[in-house]
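Participant: Supplied in structure tokens, the structure appears directly below.
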Amino acid sequence: MRTRTFLTTAACIAAVLGLTSPTPVTATPPASPSTARDTADFNGDGYDDLAIGAHTATVDSVKRAGAVTVAYGSATGLRYDKPAISQATPGVPDSPVEDGKWHEVAAHGDFDGDGYDDLYIRWTDKNTILWGSPSGITGASTTLPAGSHTATDPTLLEGAFGSGDVNGDGTADLVIRSHGGLTVGLSTLYGPLDRGTGRAASTVFRDIEKEDQLGGPRALFVADVTGDGFADVIVSGDRDGKPKSRVLKGSRTGLVKGSGTFKQYAEHSNVTGSAFGDLNGDGYPDLAVGLAATRSDIERDAVSVNYGGPKGLNTTAPARLLTQASLGVPGIAELGDLWGSTLAITDTDGDGSADLLVGAPYETAGDEATTARSGALTVLRGSRTGITTTGAQTLTQNTVGVPSTSDSNDHFGSALTAIDTDKNGETEVYVGGNGEDVYDGRVWKLLTVPGTGLTGTGATSFGLTAFGGSSGASNFGYRFAG
């Protein structure tokens, strides 16, 4: 079993567990900074895996019950030989219900410390860990406790979450927006989680309004931006009616205050997608955040690019706020494109600096009448001086080599990740399009080529039927975890 550092960037999440203990589990930190990874390995074979949600899939003739699939990495790339997991799978709590939409692949990490990544599923007010094993995700699972609105047993809420090894003990922790006592803040659920009860080894609630002068939180981002071997938490909230953020550094004793904030404006306060990666090649993960316009007169979505450093977010390397109206960025800034609602960071061209991939699932890829909301993917290059728009490119289903064509409501770019499923040293980019084929949904694999970058040449695609699932409007590819 390999030893790994776990992290997952922010997305939405529902209420989950809580537990006791005012202090976190502690451990000796790594002797040197760890290499941050946000990829999943559910069966422990050393290959990256990909979990895909299909929230309106039919299960045992129950319409829109929802399902989750896991494609496993191998020497030949992803394998689709494991059946979809649903509430009809032995071991998974409850039973399929019409319009239940059990689906939300929310996070991954080795939450019980057994050496296998686990998959965190959120569904209404219930949250479930599907446990990894030598056979991968099988249905063996545990429902997490709900909590009781106290500081020692907080109730976890929708809106913000992340996972990573905050205290450096080698086990993944969950950090989630929560209600504790009279305030809303964040809770760190320190692993290992108990497979029988779902309870954490310890839970620490942080009143961010009192301790960090921050309301919210709106979103959480978790990664080792300081390079010290501990996952850090960047929390987005508000102060005096304006969006603000804080950096909380991981340590042996839990979260402590760091430095820096991420760039955002009042008209761009709704956080959408996020991703971590080293855009300027300095060894520290950088943070990209999608920001949706919140005023009808601001007809553009934005991406905030912020650089990591030894104390938190870098206060000397200027952050950038990019839109499709920025010089060199392809496309036209239009309200509702959802440009930046999905993000990924990977080195597409092998130059040593990671590049930023920006999904826009509601972008029109051609003629408005036939390709409205068909979706697109923009690539912005990284460099030694940070993100640049030089050499930017856009790919759609109309790009040469990409299977299918851009049609209205395909939503190409609804999910996005970059992983190396065959360990050949070159990442593949996976793009979800949950509206493809009248909301059957589909996932595309695009290749990265050293010296060239992301290309449509050699692209492939697959749907829920590849896993033995039923055809029909399943919204396959709406969410990824991997």
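Participant: Checking the condition in contact with a strand residue (DSSP E or B) (Cβ under 8 Å, 6 or more places away or on another chain), of a type in the set (A, V, I, L, M, F, W, C) and either open to solvent by less than 10 Å² (accessible area, probe 1.4 Å) or more than 30 Å from Y47 (Cα to Cα) (or both), which residue from A354, A365 passes?
Facilitator: On the way: A354 fails: either open to solvent by less than 10 Å² (accessible area, probe 1.4 Å) or more than 30 Å from Y47 (Cα to Cα) (or both).
Testing whether each residue is in contact with a strand residue (DSSP E or B) (Cβ under 8 Å, 6 or more places away or on another chain), of a type in the set (A, V, I, L, M, F, W, C) and either open to solvent by less than 10 Å² (accessible area, probe 1.4 Å) or more than 30 Å from Y47 (Cα to Cα) (or both) leaves just A365.
Participant: Now, a different point. Run down G432, G468, G458 and say which single residue is at pLDDT 95 or above and either farther than 26 Å from D351 by Cβ or open to solvent by less than 10 Å² (accessible area, probe 1.4 Å) (or both). First the steps, then the outcome.
Facilitator: Details: G468 fails: at pLDDT 95 or above; G458 fails: either farther than 26 Å from D351 by Cβ or open to solvent by less than 10 Å² (accessible area, probe 1.4 Å) (or both).
Only one candidate passes the filter, namely G432.
Participant: Name the single residue that is nearest to E209 (Cα to Cα) among those in the stretch 156-186 being over 22 Å from the mean Cα position of the chain (by Cα) and open to solvent by less than 40 Å² (accessible area, probe 1.4 Å).
Facilitator: Narrowing the stretch 156-186 to residues over 22 Å from the mean Cα position of the chain (by Cα): 169, 179-184.
Those still in the list that are open to solvent by less than 40 Å² (accessible area, probe 1.4 Å) too: 180-181, 183.
Working: G180: 12, G181: 13, T183: 8 Å.
Among those residues, the one meeting the criterion is T183.
Participant: For the stretch 403-411, state whether one or more residues are of a type outside the set (S, T, Y) and in contact with a helix residue (DSSP H, G or I) (Cβ under 7 Å, 6 or more places away or on another chain). Quick ask: steps written out before the conclusion?
Facilitator: In the first step, residues of the stretch 403-411 are kept if they are of a type outside the set (S, T, Y); the result is 403, 407, 409-411.
Next cut, in contact with a helix residue (DSSP H, G or I) (Cβ under 7 Å, 6 or more places away or on another chain) only: 407, 410.
Within the stretch 403-411, one or more residues are of a type outside the set (S, T, Y) and in contact with a helix residue (DSSP H, G or I) (Cβ under 7 Å, 6 or more places away or on another chain).
Participant: Among the residues of the stretch 269-281, are any without any contact (Cβ under 8 Å) to a residue 12 or more places away in the chain, open to solvent by 50 Å² or more (accessible area, probe 1.4 Å) and out of contact with any Asp or Glu (no Cβ under 8 Å at 6 or more places or on another chain)?
Facilitator: For the stretch 269-281, residues without any contact (Cβ under 8 Å) to a residue 12 or more places away in the chain, open to solvent by 50 Å² or more (accessible area, probe 1.4 Å) and out of contact with any Asp or Glu (no Cβ under 8 Å at 6 or more places or on another chain): absent.
Participant: Looking at the structure I just gave you, is D117 in contact with a Ser or Thr (Cβ under 9 Å, 6 or more places away or on another chain) and charged (D, E, K, R)?
Facilitator: On the way: in contact with a Ser or Thr (Cβ under 9 Å, 6 or more places away or on another chain): yes; charged (D, E, K, R): yes.
Yes.
Participant: In the set T346, T378, T390, which member is hydroxyl-bearing (S, T, Y) and touching a Phe, Trp or Tyr at 6+ places or on another chain (Cβ under 8 Å)?
Facilitator: Working: T346 fails: touching a Phe, Trp or Tyr at 6+ places or on another chain (Cβ under 8 Å); T390 fails: touching a Phe, Trp or Tyr at 6+ places or on another chain (Cβ under 8 Å).
It is T378.
Participant: Same structure, new question: Just to verify a result, which residue in the stretch 127-166, among those that are under 17 Å from E104 (Cα atoms) and of a type in the set (S, T, N, Q), is modelled with the lowest pLDDT?
Facilitator: N127
Participant: Read through the list (1) out of contact with any strand residue (DSSP E or B) (no Cβ under 6 Å at 6 or more places or on another chain); (2) of a type in the set (A, V, I, L, M); (3) open to solvent by less than 10 Å² (accessible area, probe 1.4 Å), then give the number of the only condition that A54 fails.
Facilitator: Only one criterion is unmet by A54, namely (1).
Participant: Which one of the conditions (1) open to solvent by 10 Å² or more (accessible area, probe 1.4 Å); (2) within 25 Å of V68 (Cβ to Cβ); (3) over 20 Å from the mean Cα position of the chain (by Cα) does R320 fail to meet, given that it meets all the rest?
Facilitator: Failing condition for R320: (2).
Participant: Of the conditions (1) in a loop (DSSP other than H, G, I, E, B); (2) at pLDDT below 95, G328 fails just one. Which one is it?
Facilitator: Against the list (1) in a loop (DSSP other than H, G, I, E, B); (2) at pLDDT below 95, G328 comes up short only on (2).
Participant: Which ranges mark the strands (runs of 3 or more DSSP E) fully within the stretch 111-183 that have 2 or more residues being of a type in the set (F, W, Y) and in contact (Cβ under 8 Å) with a residue 24 or more places away in the chain? Break it down into steps so the answer makes sense when it comes.
Facilitator: Values: elements: 118-123, 126-130, 141-143, 155-164, 173-180.
Filter on the stretch 111-183 gives 118-123.
Participant: So T226 fits all but one of (1) open to solvent by 30 Å² or more (accessible area, probe 1.4 Å); (2) under 18 Å from I345 (Cβ atoms); what number is the exception?
Facilitator: Failed condition: (1).
Participant: Quick check on my filter: what residues within the stretch 70-105 are open to solvent by 10 Å² or more (accessible area, probe 1.4 Å), in a strand (DSSP E or B) and touching a residue at least 60 places away in the same chain (Cβ under 8 Å)?
Facilitator: E104
Participant: Hey, any hits in the stretch 44-62 for a residue that's modelled with pLDDT under 90, part of a loop (DSSP other than H, G, I, E, B) and under 25 Å from the mean Cα position of the chain (by Cα)? If you could, list the steps in order and put the result at the bottom.
Facilitator: Residues of the stretch 44-62 modelled with pLDDT under 90: none.
Taking every residue of the stretch 44-62 in turn, none turns out to be modelled with pLDDT under 90, part of a loop (DSSP other than H, G, I, E, B) and under 25 Å from the mean Cα position of the chain (by Cα).
Participant: Here are the criteria: (1) among the hydrophobic types (A, V, I, L, M, F, W, C); (2) surrounded by fewer than 18 Cβ atoms within 10 Å (Cβ to Cβ); (3) in contact with a strand residue (DSSP E or B) (Cβ under 7 Å, 6 or more places away or on another chain). Tell me which single one V438 does not satisfy.
Facilitator: With (1) among the hydrophobic types (A, V, I, L, M, F, W, C); (2) surrounded by fewer than 18 Cβ atoms within 10 Å (Cβ to Cβ); (3) in contact with a strand residue (DSSP E or B) (Cβ under 7 Å, 6 or more places away or on another chain) applied to V438, the lone miss is (3).
Participant: Here's a follow-up. Can you confirm whether T364 is out of contact with any Phe, Trp or Tyr (no Cβ under 6 Å at 6 or more places or on another chain), at pLDDT below 95 and closer than 30 Å to E104 by Cα? So that I can check it myself, show each step before the final result.
Facilitator: Values: out of contact with any Phe, Trp or Tyr (no Cβ under 6 Å at 6 or more places or on another chain): yes; at pLDDT below 95: yes; closer than 30 Å to E104 by Cα: yes.
Criteria met by T364.
The values are calculated or read from the model by the stated rules, or taken from the named source; none is laboratory data. What you see is a predicted model; the values in this text were computed from it and never measured. Neighbour counts are summed over all protein chains in view; Cβ atoms, including those assigned to glycine, are modelled from backbone coordinates with ideal geometry. Keep in mind that these areas ignore ligands, DNA and RNA; they rest on the heavy atoms of the full protein, side chains included. Shrake-Rupley method; radii C 1.70, N 1.55, O 1.52, S 1.80 Å.
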